[in-house]
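Here's the structure, in structure tokens; my notes come after.
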Amino acid sequence: MFSANKPFSMHLDPNAFLPATEEDKQYISRMRPSSTFFKDGCKRLLKNKVATISLILILLITLSSIVLPMVWPYSYDAMLGVRPGKPVDASYNNLAPFTWGKTELKRMEEAELVHSWWDTPDQGSAKRLFELTDKGRQCLRRWIDALACYKLTIEDLRVSASTALGIDVPDTPACAHVDDLNIEVKGSSFS
């Protein structure tokens with residue numbers, strides 16, 4: 001376009017604007033066949049491996065969000081505790097610490113882990129109280145033992161990780177400890 005003899009000149013080369021000859025036209029048509037914008041876009045997408053993999057993942061996620069609910073054995077209502085004509089079961093919501101939902105308490109009672117009775121005071125509303133049975137105490141004991149085993153396993157992992165780092169096992173972790181927290185749950189404080 002610019003003059004080859006004078007590279008820093010701003011004068012245009014008039015020969016660059018001459019009409020193309022038939023030979024030039026044939027060369028260009030053989031060099032690149034005509035294509036649509038869609039074909040060009042697909043070619044560019046397939047050349048970019050990251051974009052192609054991302055597109056495949058997006059398609060898989062979209063298809064699974066459409067197909068899986070159709071074949072899943074539980075409906076959304078069943079997972080959320082919604083039953084037609086009945087109130088929503090609150091035990092499906094997030095539970096507060098150290099509380100049990102109605103569904104869990106019913107299952108524990110059916111498994112004879114707890115025994116329940118109604119306390120009907122002279123004033124105020126009736127409350128349902130629960131007490132551990134012997135079978136429930138055994139189950140709780142197994143759970144306490146399992147927690148102790150978890151604690152030993154975690155301690156073994158701490159030792160292994162410290163050995164791998166070539167350091168001594170820290171006596172106290174660098175995070176907040178339960179003793180440092182002052183948690184209050186339903187009138188009783190834990191420290």
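Please go through the range 94-125 and pick out each residue that is aliphatic (A, V, I, L, M) and at pLDDT below 85. Working first, answer last.
At the first step, the residues of the range 94-125 found to be aliphatic (A, V, I, L, M) are 95-96, 105, 108, 111, 113-114.
Hits for the range 94-125 are L95, A96, L105.
Which ones in the range 114-130 are in contact with a Lys or Arg (Cβ under 6 Å, 6 or more places away or on another chain) and either among the small types (G, A, S) or within 26 Å of R142 (Cβ to Cβ) (or both)? Spell out how you get there, then give the answer.
Applying the first criterion (in contact with a Lys or Arg (Cβ under 6 Å, 6 or more places away or on another chain)) to the range 114-130 yields 116, 118-119.
Residue satisfying the conditions is S116 alone.
Mind checking whether some residue in the range 82-89 is closer than 30 Å to S116 by Cα, in contact with a helix residue (DSSP H, G or I) (Cβ under 9 Å, 6 or more places away or on another chain) and either surrounded by fewer than 10 Cβ atoms within 10 Å (Cβ to Cβ) or at pLDDT 75 or above (or both)?
Looking for residues that are closer than 30 Å to S116 by Cα, in contact with a helix residue (DSSP H, G or I) (Cβ under 9 Å, 6 or more places away or on another chain) and either surrounded by fewer than 10 Cβ atoms within 10 Å (Cβ to Cβ) or at pLDDT 75 or above (or both), one finds at least one in the range 82-89, hence yes.
Being closer than 30 Å to M79 by Cβ and of a type in the set (G, A, S) is the filter here, so list the residues in the range 103-154 that pass it.
If the condition is that a residue be closer than 30 Å to M79 by Cβ and of a type in the set (G, A, S), then A111, S116, G136, A146 are the ones that fit.
The values are calculated or read from the model by the stated rules, or taken from the named source; none is laboratory data. This is a predicted model, so every value here is computed, not measured. Using ideal geometry, Cβ is built from the backbone for each residue, glycine included, and neighbour counts are taken over all protein chains shown.
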